[in-house]
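The values are calculated or read from the model by the stated rules, or taken from the named source; none is laboratory data. Computed from a prediction, not measured in an experiment: that's the story for all the values here. Note that we place each Cβ from the backbone using ideal geometry, even for glycine, and neighbour counts take in every protein chain shown. These accessible areas exclude ligands, DNA and RNA; they are computed on the full protein's heavy atoms, side chains included. Shrake-Rupley method; radii C 1.70, N 1.55, O 1.52, S 1.80 Å.
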Amino acid sequence: MHKDSREAAEAAITQGRRVYVSNLPFSTSDEWVRTSFSAVESIHWIAAKGSGFRGSGFLTFASAEAATEAVSWSGSEVGGRPITVELALGTAPLEQSCVFVRNLPAEQWSLEAVRRIFEACGPPAAIRLPKKGKAAIRFKTAAAAAAAAARDGEEIGGRKVRVLLTSALADPEAEAEEA
């Protein structure tokens, strides 16, 4: 287990070489990670105080391409658990690099379908499917998120979808309703 310095971690995030992985079985080893993902340079597991590894951590890769390839594992089952793999965010203030999509038709509500629909705007860094017909997408750039938001009102699969620009992977209207 190698702990990156804060500066090295931030540099890897800026270069698109660092990912956050979660929901791994607690039995996951460094050896399994290095065998399963190519070009892992370092592993930093997140541990709960007093109880050790709890299924999540950060992986730094030799290249942005290797990190992007690792993100494609998101949703895959490992030890009977669907894992999440997303490009890591830095500690710098977030730009509006996310969109929240509503009213997706059932046949378009999967990680692969959402990626296919919106990848022309720019490569998605992370996709979440919080509820049926909804998707939260984080892009690598604010410009890509703006391009996706420009698709608001577009018809996809016979349904007019809502695409809202936001700075987090959450439903901005739901947050406003709760406040």
Next on the checklist: Condition first: among the β-branched types (Val, Ile, Thr), within 29 Å of residue 29 (Cβ to Cβ) and modelled with pLDDT of 90 or more. Can you find one or more residues in the range 107-115 that meet it?
Outcome noted: no
Item to check | Which listed residue, of 88, 136, 67, 142, is touching an Asp or Glu at 6+ places or on another chain (Cβ under 7 Å), within 30 Å of residue 6 (Cα to Cα) and of a type in the set (A, V, I, L, M) | outcome: 142
Checklist outcome for this item: Within the range 152-165, residues being open to solvent by 30 Å² or more (accessible area, probe 1.4 Å), within 12 Å of residue 117 (Cα to Cα) and either modelled with pLDDT of 95 or more or outside any loop (DSSP other than H, G, I, E, B) (or both) number 1
Checklist outcome for this item: Selection from the range 88-105 of residues at negative phi and modelled with pLDDT of 85 or more yields 98, 99, 100, 101, 102, 104, 105
Next on the checklist: Being more than 16 Å from residue 39 (Cα to Cα) and either in contact with a His (Cβ under 6 Å, 6 or more places away or on another chain) or not in a helix (DSSP H, G or I) (or both) is the filter here; which residues of the range 8-25 pass it?
Outcome noted: 22, 23, 24, 25
Checklist entry - Among the residues of the range 45-57, is any surrounded by 13 or more Cβ atoms within 10 Å (Cβ to Cβ), at pLDDT 90 or above and farther than 23 Å from residue 165 by Cα? => result no
Checklist entry - Are there any pairs, at least 6 apart or on different chains, whose C-beta atoms fall under 7 Å, with the first in the range 21-42 and open to solvent by 30 Å² or more (accessible area, probe 1.4 Å) and the second of a type in the set (Ser, Thr, Tyr) and in a strand (DSSP E or B), and if so, which? => result 23/84; 41/60
Checklist entry - How many of the residues making up the range 119-164 are without any contact (Cβ under 8 Å) to a residue 40 or more places away in the chain and in contact with a Phe, Trp or Tyr (Cβ under 8 Å, 6 or more places away or on another chain)? => result 11
